[in-house]
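See below for the structure under consideration.
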Amino acid sequence: MRFFKRPNIDFMNSRKLAFIISGSLMLLSVISLVLHGGPRLGIDFRGGTLIEVRFEDKANPTAPIEVPINKVREAMGRYGLASSEIKHYGSLQEISIQTEVKKGIDLQIVESLQKEFPQYKVIERRKETVGPKIGKELVGSAIKAIFFSLLLILLYIMFRFEFRFGVGAVVALFHDVLITLGVFSVLNLEVDIPVIAALLTIVGYSLNDTIVVYDRIRENMKKKVTDYAGVINDSINQTLSRTIITSGTTLIVVVILFFFGGEIIKDFALALMCGVIVGTYSSIYIASPILVEWEARRKPAKVKVAAKKR
Amino acid sequence: MPQKITLKSVIILGVVALFAYLLHFTLLFNSMSKEEQKKLAIENPKRYEKLLKNSIKLGLDLQGGMHLVMEVDVKALLEKIAKNKDERFYRALEAAAKEAEESEASFVDIFDQKLTEEGVNLSLYYGSREFRDHDEILSYLKKQAQESINRTLEILRNRVDQFGVSEPSIQKQGHNRIIIELAGVTDRQRALDLVGKTAKLEFRLLKDPQVAQRIASRINEYLTGGGVSEDTSKVLAEKEKSSKQDTSAITAEELLGNPQKTASESLTVDTTAVATSENPEFGENLFFASGRGLSIKESNIPRFYKVMEDPKVKEIIEMEAGEADILLGKPDARTHNLPPDKRFVPVYVVNAKPALTGETIVDATPRVGSANDPNAFGKFETDLTFNDQGAKDFARVTGANVGKPLAIILDGKVHSAPVIRDKIRNGRAVITGLESIEEAKDLAIVLKAGALPAPAKIIEERTVGPSLGKDSIEKGYKSAVLGLILVALFMLVYYKFSGFLADVALVLNILILLGFMAALHATLTLPGIAGIILTIGMAVDANVLIFERIREELEVGKSVWASLETGYSRAFITILDANVTTFIAAVVLYNFGSGPIRGFATTLMIGITASMFTAIFVTRTLFELLLSKKILKRMSI
């Protein structure tokens, strides 16, 4: 079975269009981030307390119930916590509460909720408290981690390929991370530690694709090259099958995680999903065209802007 | 022609056997019900241990439990070892505490700076014959902070071990933090109390009752407006300062009480109410005197602490009694059912300097209260035994003070102040009147492991309830199975028989991954499960690369063997490059993250390595084996 029999799509021809699309997406991401004052940080980074509680009907534990948020807010109000972030989490009977106040309050939260809803059993599912100092430190380490991995990867690629390949790869990765953050910003989702982990994974994984294409380019470059863009096009076409399949299988798996993995993993899976899709796109339309543009500025004669049809 | 197929096949079989063995502990252990597990633990503890030790460890987010990060409270340490503490000292200390929240610098340095701003030198509070020079003192203080952290770590280790948590984890992080993980602990409050308690045990002599009375009256006068008028703005500042106390440190008392005006029922001086809503400290009398000594209303406890912060009050105490402290005791159990403003808490005026400290305790045992002692009967108690030095000191103190009361003080609260009947030579003491066997046990644990030399604050806490843990495991498991089926199906359809071989390799991949985790005693977390699932998706990549290559070669017309050869060798380089980069990212993640994220990085790293092995070595050997045995005639790919 084959998806593509000898594909011969002229990718390089549409690279200007691709640059425009990517550029706009990146711009949109930046605008959204600026408008929101940066990515929406979870308590991991800004400190605070998160409590997740589940309500169950005492008489009938398995019956689904809907917990009214305003009543929860009233109960919180008695402790001066009415301005906490309260929302349903996964189902209508699970509530997540985020507050600024750090400690001592948490036991009272569960107790006060229990008093407010005596007909339900209030179960604390999980609780996280992060002090502000730790939060700031984590932001610092997250940023360092992302930059450090980008650096290491750039060095590795420069070692295995050439400098320009490294540039292409890093630009593509930067593009992937930025757009993923942009998506999170537009959807107003929180960025917490698992999301950063997903970003780092994307950095590593998205490179997979890019390297496979680069590898083929390198191999094809060994022969005499008259048409740079054409060679790159061919390389992409030759590896297209593999690129689609691998991204496809990873995507299947991540989509399953998104829908079946539970609330906690959901945002993490979403970040990976974005990363895989955007990453595949960027291997074809960012990393490779950059090589073409680079060459075009070095040896204009070798590059034909309109690639030959074969 | 393929070389050494037999050898390679044997290697593969060996690998399968090895990892199956590594995993079987987990499978065996988890297939037993809880009752069966308990039975085994009793009947054959060695086997139980072995099974447990070699099974895959579940992270806190999967089995439920607490993760705490504690930071040693250097501020409290500095306060403790300082002498001649005055207003400037406390001001500088508070200012330093505030700045320390934002800054990365060492607390000692910040404090030093603040003191300089107040115009005082460290030597005023910490100077001694050995250390007079400012820099010497600075380095001495820093060393103190450093050493106390290490001691705290050791002591916490002792305590948590005795807590009975299976495989508690206590690690030092950086230079002043400790990470504690208590798996399966569901009683959060008990764990928090145990870990956070300073358990500073001291024995102090009481001041003369007349002295105590005088102090109480003078403070009462001051509070009811009969004394020297105070600058109210300063008092307000004091109040604000004390109400912002960080309550995550040691003591059990809540400093966030609601100051209320209560009906005055004083037994001594009549009140002239000066109370306003801004100065809850002032108003009616605080202390009441009775035949049994001083006391305050339980509802006034928050107020009491505010009052104790007032420098004027400190002055009064110093004038009347020299170096002394006023401490609270425990409420009379018989008044348990009365409302807080009718319950009284005894107050003790004690020497500031302890006659004996808890560091010399060697043993502490919880017991049921003796039936002979009316105070102890129906309750629980903890027996203490001192070491030689402690026994000597104890004998000296009790010998010199027969007939006088000796307060037994735990964490700044007086448990009891029994009168010394005679010289206690054998170094044994008892703390009675504890409410439950839990309390007695915890007290014993805490005393035995010794006192924490500096209180530790909890700066991060993550708790996952067991119900969520179970849910997560279920969801993770379902997702993994579903993912595996879909991917395997796809490979089968797209690459036919070769796809089937790739699926075999995939299953082997997971076997190796899990077996490795069991062998390394690595911890499986929810992100870790996600990592396994991700590996499933990524593992096929290597196979796809190889198969696509083989297809290409076959199309060009090469023979089956040649295509196989070229396919594998050419693809190998690509696979290596691609996986190395993901591996690098995983390594960075491992360093950056902790706990669950580490679990993710671990499964990713192992998964990548295993997938390379299975894709390159295993499938190739399978191909070669089947082709050479003519089971497979053509490449079905």
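The values are calculated or read from the model by the stated rules, or taken from the named source; none is laboratory data. What you see is a predicted model; the values in this text were computed from it and never measured. Virtual Cβ from ideal backbone geometry, glycine too; neighbours counted across all protein chains shown.
Out of A:Phe147, A:Phe184, which single residue is under 21 Å from the mean Cα position of the chain (by Cα), in a helix (DSSP H, G or I) and surrounded by fewer than 22 Cβ atoms within 10 Å (Cβ to Cβ)? Quick ask: steps written out before the conclusion?
On the way: A:Phe184 fails: surrounded by fewer than 22 Cβ atoms within 10 Å (Cβ to Cβ).
Result: A:Phe147 is the single residue among A:Phe147, A:Phe184 that is under 21 Å from the mean Cα position of the chain (by Cα), in a helix (DSSP H, G or I) and surrounded by fewer than 22 Cβ atoms within 10 Å (Cβ to Cβ).
Does B:Phe516 satisfy the criteria of being within 13 Å of chain A (Cβ to nearest Cβ) and in contact (Cβ under 8 Å) with a residue 12 or more places away in the chain? Write out each step before concluding.
Details: within 13 Å of chain A (Cβ to nearest Cβ): no; in contact (Cβ under 8 Å) with a residue 12 or more places away in the chain: yes.
Criteria not met by B:Phe516.
Mind telling me which of the residues A:Leu92, A:Leu81 ends up being out of contact with any strand residue (DSSP E or B) (no Cβ under 7 Å at 6 or more places or on another chain), more than 11 Å from chain B (Cβ to nearest Cβ) and closer than 24 Å to A:Leu189 by Cβ? Reasoning before the result, please.
On the way: A:Leu81 fails: out of contact with any strand residue (DSSP E or B) (no Cβ under 7 Å at 6 or more places or on another chain).
Exactly one of A:Leu92, A:Leu81 is out of contact with any strand residue (DSSP E or B) (no Cβ under 7 Å at 6 or more places or on another chain), more than 11 Å from chain B (Cβ to nearest Cβ) and closer than 24 Å to A:Leu189 by Cβ, namely A:Leu92.
Within the group B:Glu154, B:Glu101, which residue is at pLDDT below 80, within 14 Å of chain A (Cβ to nearest Cβ) and surrounded by fewer than 19 Cβ atoms within 10 Å (Cβ to Cβ)?
On the way: B:Glu154 fails: within 14 Å of chain A (Cβ to nearest Cβ).
Every option except B:Glu101 fails the conditions.
Considering only residues that are over 27 Å from A:Glu66 (Cα atoms) and crowded, with 21+ Cβ neighbours inside 10 Å, which ones fall in the range A:118-144?
So in the range A:118-144, the residues over 27 Å from A:Glu66 (Cα atoms) come out as A:130-144.
Hits for the range A:118-144 are A:Val130, A:Gly131, A:Leu138, A:Ala142.
Checking the structure you have, find out if any residue of the range A:119-126 is modelled with pLDDT of 80 or more and either among the small types (Gly, Ala, Ser) or in a helix (DSSP H, G or I) (or both).
Of the range A:119-126, the ones modelled with pLDDT of 80 or more are A:119-126.
Cutting the leftovers down to either among the small types (Gly, Ala, Ser) or in a helix (DSSP H, G or I) (or both) gives us none.
No.
Please count how many residues of the range B:542-584 are among the aliphatic types (A, V, I, L, M), surrounded by fewer than 21 Cβ atoms within 10 Å (Cβ to Cβ) and closer than 18 Å to A:Ser235 by Cβ.
Qualifying residue count, the range B:542-584: 2.
Take B:Ala539 and tell me if it is of a type outside the set (Lys, Arg), crowded, with 24+ Cβ neighbours inside 10 Å, within 41 Å of the chain's Cα centre (by Cα) and more than 7 Å from chain A (Cβ to nearest Cβ). Quick ask: steps written out before the conclusion?
On the way: of a type outside the set (Lys, Arg): yes; crowded, with 24+ Cβ neighbours inside 10 Å: yes; within 41 Å of the chain's Cα centre (by Cα): yes; more than 7 Å from chain A (Cβ to nearest Cβ): yes.
Here the answer is yes, as B:Ala539 does meet what is asked.
Of the residues B:Leu468, B:Leu452, only one is closer than 30 Å to A:Gly48 by Cβ, modelled with pLDDT of 80 or more and touching a helix residue (DSSP H, G or I) at 6+ places or on another chain (Cβ under 9 Å); which?
B:Leu468
When only residues in the range B:65-85 that are assigned to a helix (DSSP H, G or I) and in contact with a helix residue (DSSP H, G or I) (Cβ under 8 Å, 6 or more places away or on another chain) count, which is surrounded by the most Cβ atoms within 10 Å (Cβ to Cβ)? Before you say what the answer is, go through the steps one by one.
Step one: list which residues in the range B:65-85 are assigned to a helix (DSSP H, G or I), which gives B:74-81.
Pick out the ones that are also in contact with a helix residue (DSSP H, G or I) (Cβ under 8 Å, 6 or more places away or on another chain) and you get B:74-75, B:77-79, B:81.
Details: B:Val74: 27, B:Lys75: 22, B:Leu77: 21, B:Leu78: 23, B:Glu79: 15, B:Ile81: 15.
Only one residue fits best here, namely B:Val74.
Just the residues that are at pLDDT below 80 and β-branched (Val, Ile, Thr), please, taken from the range B:284-320.
The one that is at pLDDT below 80 and β-branched (Val, Ile, Thr): B:Ile301.
Give the number of residues within the range B:519-536 that are touching a Phe, Trp or Tyr at 6+ places or on another chain (Cβ under 7 Å) and either surrounded by fewer than 23 Cβ atoms within 10 Å (Cβ to Cβ) or at the interface with chain A (Cβ under 7 Å from one of its Cβ atoms) (or both).
Counting residues in the range B:519-536 that are touching a Phe, Trp or Tyr at 6+ places or on another chain (Cβ under 7 Å) and either surrounded by fewer than 23 Cβ atoms within 10 Å (Cβ to Cβ) or at the interface with chain A (Cβ under 7 Å from one of its Cβ atoms) (or both) gives 2.
Conditions first: (1) farther than 17 Å from A:Val203 by Cβ; (2) among the small types (Gly, Ala, Ser); (3) touching a residue at least 12 places away in the same chain (Cβ under 8 Å). B:Ala586 passes all but one, so which condition is the exception?
Unmet for B:Ala586, out of (1) farther than 17 Å from A:Val203 by Cβ; (2) among the small types (Gly, Ala, Ser); (3) touching a residue at least 12 places away in the same chain (Cβ under 8 Å): (1).
For the condition within 22 Å of A:Ile245 (Cβ to Cβ), touching a Phe, Trp or Tyr at 6+ places or on another chain (Cβ under 6 Å) and not assigned by TED's automatic domain parsing to the domain that holds B:Asn176, what is the one hit in B:Leu492, B:Leu484, B:Leu545, B:Leu511? Spell out the reasoning first.
Values: B:Leu484 fails: touching a Phe, Trp or Tyr at 6+ places or on another chain (Cβ under 6 Å); B:Leu545 fails: touching a Phe, Trp or Tyr at 6+ places or on another chain (Cβ under 6 Å); B:Leu511 fails: within 22 Å of A:Ile245 (Cβ to Cβ).
Criteria check complete, one pass: B:Leu492.
Residues B:Ala96, B:Ala41: which one is out of contact with any Gly (no Cβ under 6 Å at 6 or more places or on another chain), of a type in the set (A, V, I, L, M, F, W, C) and exposed (fewer than 15 other Cβ atoms within 10 Å of the Cβ)?
Details: B:Ala96 fails: exposed (fewer than 15 other Cβ atoms within 10 Å of the Cβ).
From the options B:Ala96, B:Ala41, the qualifying one is B:Ala41.
Which fully enclosed helices (runs of 4 or more DSSP H) of the range A:198-310 have 3 or more residues being within 13 Å of chain B (Cβ to nearest Cβ)? Reasoning before the result, please.
Working: elements: A:228-260, A:263-282, A:288-298.
Where helices (runs of 4 or more DSSP H) fall fully within the range A:198-310 and carry at least 3 residues being within 13 Å of chain B (Cβ to nearest Cβ), they are A:228-260, A:263-282.
If A:Ile245 satisfies every condition in (1) closer than 22 Å to B:Phe490 by Cβ; (2) in contact (Cβ under 8 Å) with a residue 12 or more places away in the chain; (3) crowded, with 24+ Cβ neighbours inside 10 Å but one, which is the exception?
(3)
When you check A:Arg54 against the structure, is it modelled with pLDDT of 85 or more, closer than 30 Å to B:Pro596 by Cα and of a type in the set (D, E, K, R), yes or no?
Details: modelled with pLDDT of 85 or more: yes; closer than 30 Å to B:Pro596 by Cα: yes; of a type in the set (D, E, K, R): yes.
It is true that A:Arg54 is modelled with pLDDT of 85 or more, closer than 30 Å to B:Pro596 by Cα and of a type in the set (D, E, K, R).
Among the residues of the range A:57-68, what is the count of those that are in contact with a Lys or Arg (Cβ under 8 Å, 6 or more places away or on another chain) and either within 10 Å of chain B (Cβ to nearest Cβ) or part of a loop (DSSP other than H, G, I, E, B) (or both)?
Applying the first criterion (in contact with a Lys or Arg (Cβ under 8 Å, 6 or more places away or on another chain)) to the range A:57-68 yields A:57-58, A:61.
Those still in the list that are either within 10 Å of chain B (Cβ to nearest Cβ) or part of a loop (DSSP other than H, G, I, E, B) (or both) too: A:58, A:61.
Residues meeting the conditions: 2.
Return a yes/no flag: does the range B:615-625 have any residue that is more than 8 Å from chain A (Cβ to nearest Cβ), hydroxyl-bearing (Ser, Thr, Tyr) and in contact with a Ser or Thr (Cβ under 7 Å, 6 or more places away or on another chain). Break it down into steps so the answer makes sense when it comes.
First, pick out the residues of the range B:615-625 that are more than 8 Å from chain A (Cβ to nearest Cβ): B:615-625.
Adding the requirement that they be hydroxyl-bearing (Ser, Thr, Tyr) leaves B:619, B:621.
From what's left, in contact with a Ser or Thr (Cβ under 7 Å, 6 or more places away or on another chain): B:621.
Yes, the range B:615-625 contains a residue that is more than 8 Å from chain A (Cβ to nearest Cβ), hydroxyl-bearing (Ser, Thr, Tyr) and in contact with a Ser or Thr (Cβ under 7 Å, 6 or more places away or on another chain).
Between a residue in the range A:116-141 that is more than 7 Å from chain B (Cβ to nearest Cβ) and farther than 17 Å from A:Gly90 by Cβ and any residue that is surrounded by fewer than 17 Cβ atoms within 10 Å (Cβ to Cβ) and of a type in the set (Lys, Arg), which pairs come within a Cβ distance under 8 Å, given they are 6 or more apart or on different chains?
A:Glu116/A:Lys71; A:Phe117/A:Lys71; A:Gln119/A:Lys58; A:Lys121/A:Lys58
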